[in-house]
Amino acid sequence: MSAWRFSRYFLGSALSITEARRFVTALLRGWPAVDEVELIVSELATNAIRHSASGRFGGRFLVSIQAHTDRLWVGVLDEGGPSSPKAFRSWTEGEGGRGLLVVASLAIDWGVWGDEHGRTVWAVLYTGPQTASCR
Ligand SMILES: Nc1ncnc2c1ncn2[C@@H]1O[C@H](COP(=O)(O)OP(=O)(O)O)[C@@H](O)[C@H]1O
Ligand SMILES: [Mg+2]
């Protein structure tokens, strides 16, 4: 069971990346992993807009954060589509392809749920036991 959980929808446009980052930093003030979670949410939100139906006109994505006693769970739910997240790309596929590798390197665990109708890419960060000052 989580200590607390917050979710917020954002419009699937580039401006929402900054908003999503602010949402995270406001929510996680005082947590040791705030910078990492901000970076992860930025990568996952960018992917939702770029690679899923969330980036279409009227599309949106949902950012969720769950706090547990010694870890944070963060997930970005998108609106799906034909492509699916993959952390490795071959050299022949050109530039990019490092965002999910960065997520994987920061997280103690990460993964993907869902299908072409909507996918959640999630990551877990270990924070160590937190005091009551961390909401
Ligand atoms: N939310 C997503 N929905 C569908 N495909 C995704 C999603 N996130 C990532 N992908 C796929 O996984 C690949 C790797 O993502 P990433 O490591 O962030 O690199 P980049 O975004 O620079 O291509 C993307 O190129 C895309 O094909
Ligand atoms: Mg990316």
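Got a number for carbon plus sulfur as a percent of the chain's accessible area, 1.4 Å probe? Display every interim value, and only then the final one.
Values: 4340 of 7860 Å².
Ligands and nucleic acids excluded, carbon and sulfur reach 55 percent.
How big is Rg to Rh over region 1-65, alpha-carbon atoms, Rh as the Kirkwood inverse-mean-distance radius?
0.99
Put a dot 7 Å past each Cα toward the Cβ at residue 13 and residue 56; how far apart are the dots in nm?
1.8
Share of Cα-Cα pairs in the chain beyond 21 Å, in percent?
Percentage above 21 Å: 38.
Return one whole number: the accessible area per residue of the chain in Å², for a 1.4 Å probe.
With the other protein chains kept in place, the chain gives 58 Å² per residue.
Name the long-range amide H neighbours of residue 71: under 5 Å, sequence gap of 5 or more, or other chain; modelled H, no Pro or chain starts.
For residue 71, whose amide H was placed from the backbone, the distant partners under 5 Å are 127.
Along the Cα→Cβ direction, 7 angstrom out, place labels at residue 126 and residue 98. What is the inter-label distance in nm?
Those two pseudo-labels are separated by 2.6 nm.
Please give me the summed charge of the neighbours of residue 80: other residues whose Cβ is under 9 Å from its Cβ, Lys and Arg +1, Asp and Glu -1.
On the way: positive: 119; negative: 78, 79, 115, 116.
Spelling it out: positives minus negatives among the neighbours equals -3.
By the scheme Lys and Arg +1, Asp and Glu -1, what is the net charge of all other residues having a beta-carbon under 15 Å from that of residue 54?
Charge balance near residue 54 sits at -1.
Which is the longest run of the chain containing none of the chymotrypsin sites (Phe, Trp or Tyr not before Pro) found in DSSP loop states (not H, G, I, E, B) with at most 16 other C-beta atoms within 10 Å?
1-56
The values are calculated or read from the model by the stated rules, or taken from the named source; none is laboratory data. Since this is a predicted model, take the numbers as computed values, not measurements. When we count neighbours, we look across all protein chains shown, and the Cβ atoms used for this are built from the backbone with ideal geometry, even at glycine. These accessible areas exclude ligands, DNA and RNA; they are computed on the full protein's heavy atoms, side chains included. Shrake-Rupley method; radii C 1.70, N 1.55, O 1.52, S 1.80 Å.
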